[in-house]
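Chemist: Dropping the structure in here first, questions after.
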């Protein structure tokens, strides 16, 4: 029987599958599209924000139907889709292709998720002008926001983009595009000096206009402190503890189908679900109710 873009049987009123009955998606007319004001409202009232990566139309539509509020087309596609050892080899053309694919999936499913596209390595480091050219490519491919990595010198780039109407998600902590300079996939922000640098950079990024800030592999106490200190920039944690405003995971990691060993901060949600959509719904519920992440298991 034919499947619709959310992975459900198109003619089944009960959404029955060989693995059980899945709850139906909310009708598009009753689900409000996610916007920057809505994200800020969630942050202000303390409702956790959910984010997952997606790289194609079908998985994006399923994630949206499962209630994921933000979908990130991450340059992690270099590792999970292209089989690379890092994100460094991902090109702007790669990012545009996958962003277009995800955007089409959301449109076909009448999706409401907020779509973020990564600016890949080498696409914004040269100058502000290079950054806006690259960001324009990702926005024209269908993204609502672009994401870039690092602090300090990026502050000026963020302000330049925001002033020209391009929403920006910043990224501190472990920044995969500079993993070689960091000496590997290591926790960042440990020790007073490193924490002070990260705090300074985070405040600068908020002041420059960044609306979201991914904190990757940052000690949980520091992430929670930053979240309290940044009222206008919602923090999204990955390996950063439960004290952030929201959480993000790589799709393939949370489904247990990546090409390597899952990092400490990942929970395999397929172990407790009978379908991919069910795993995504379990992820959304766990983030919302605070049961994921568990700082004793998933954080430093």
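Bear in mind these aren't lab numbers, they're just calculated from the coordinates by the rules spelled out. Please read all numbers here as calculations on a predicted model, not as lab measurements. Here the Cβ is made from the backbone with ideal geometry for all residues, glycine too, and neighbour counts use every protein chain on show.
Chemist: Distances over 20 Å make up what percent of all Cα-Cα pairs in the stretch 147-300? Walk me through the numbers on the way to the answer.
Modeler: Working: 5839 of 11781 pairs.
Summing the P(r) tail past 20 Å for the stretch 147-300 gives 50 percent.
Chemist: Go ahead and estimate [θ] at 222 nm for the chain from helices alone: -39,500 (n - 2.57) per DSSP H run with n ≥ 4, summed, over the residue count, rounded to 500. Working shown, then result.
Modeler: On the way: 12 runs with 116 residues, N = 300.
Helix contribution divided over all residues of the chain: -11000 deg cm²/dmol.
Chemist: A further question on this structure: Sketch the reach of a paramagnetic label on residue 194 as a point 7 Å from Cα along Cα-to-Cβ, and name the residues of the stretch 264-289 whose backbone nitrogen lies under 18 Å away.
Modeler: Correct set: 264-265.
Chemist: Related question: Pairing the Cα long axis of helix 192-208 with the longest principal axis of the chain, what angle in degrees results, from 0 to 90 and rounded to the nearest 10?
Modeler: Once rounded, the angle reads 70 degrees.
Chemist: Report, to the nearest 10°, how far helix 92-108 tilts away from the longest principal axis of the Cα atoms in the chain, using its own Cα long axis and a range of 0 to 90°.
Modeler: 40 degrees
Chemist: To continue, here is another question. Just rank 95, 79, fewest to most, by other beta-carbon atoms within 10 angstrom. Mind showing how you got there, number by number?
Modeler: Values: 95 26, 79 21.
Ranking 95, 79 by Cβ neighbours within 10 Å, fewest first, gives 79, 95.
Chemist: From largest to smallest, what semi-axes in whole angstrom does the stretch 121-186 give when each is the square root of 5 times an eigenvalue of its alpha carbon gyration tensor? If you can, show how the numbers build up before the last one.
Modeler: Numbers: eigenvalues 94, 29, 23 Å².
Equivalent-ellipsoid dimensions as semi-axes: 22, 12, 11 Å.
Chemist: Can you compute log10 of I(q)/I(0) for the stretch 27-74 with the Debye formula, treating each Cα as one identical point scatterer, at q = 0.14, 0.22, 0.28 Å⁻¹?
Modeler: -0.37, -0.85, -1.12
Chemist: Can you pull the Rg over Rh of the stretch 261-300, Cα-only, Kirkwood? Present the calculation step by step, with values, prior to reporting the outcome.
Modeler: On the way: Rg = 10.4 Å, Rh = 10.6 Å.
Here Rg/Rh amounts to 0.98.
Chemist: Calculate how steeply helix 220-229 sits against the longest principal axis of the alpha-carbon atoms of the chain, using the helix alpha-carbon long axis, and give the answer as 0 to 90 degrees to the nearest 10.
Modeler: 80 degrees
Chemist: Any idea how far the Cα center of the stretch 59-79 sits from the one of the stretch 177-208, in Å?
Modeler: Taking the Cα centre of each part, the stretch 59-79 and the stretch 177-208 sit 25 Å apart.
Chemist: Shifting gears a bit: If you compute Rg/Rh (Cα atoms, Kirkwood Rh) for the structure shown, which of (i) 0.95; (ii) 0.98; (iii) 1.00 do you land on?
Modeler: (i)
Chemist: Which part of the stretch 81-97 falls in the paramagnetic zone of residue 185, meaning amide N under 18 Å from the point 7 Å along Cα-to-beta-carbon?
Modeler: 81-90
Chemist: Using a 10 Å cut-off on Cβ atoms, rank the peptides 182-189, 220-227 from the highest mean neighbour count down.
Modeler: Values: 182-189: 14.8, 220-227: 22.5.
The packing order, highest mean first, is 220-227, 182-189.
Chemist: Would you mind calculating the gained length between residue 232 and residue 140 on full extension (0.36 nm times residue separation, minus the Cα-Cα distance), in nm to one decimal? Provide the component values of the computation, followed by the final result.
Modeler: Numbers: separation 92, 0.36 × 92 = 33.12 nm, distance 2.60 nm.
Taking 0.36 nm per residue and subtracting the Cα distance, the gain is 30.5 nm.
Chemist: For a quick protection proxy, order the peptides 238-244, 206-212 by their average other-Cβ count within 10 Å, most packed first.
Modeler: On the way: 238-244: 24.9, 206-212: 21.9.
Ranking, from highest mean packing down: 238-244, 206-212.
Chemist: Which values of log₁₀ I(q)/I(0), to two decimal places, follow from the Debye formula for the stretch 62-153 at q = 0.14, 0.20 Å⁻¹ with a uniform point scatterer at every Cα?
Modeler: Here log10 of I(q) over I(0) equals -0.49, -0.94.
Chemist: Can you give me the Cα centroid spacing of the stretch 95-165 and the stretch 265-284 in angstrom?
Modeler: Centre-to-centre distance over Cα atoms comes out at 28 Å.
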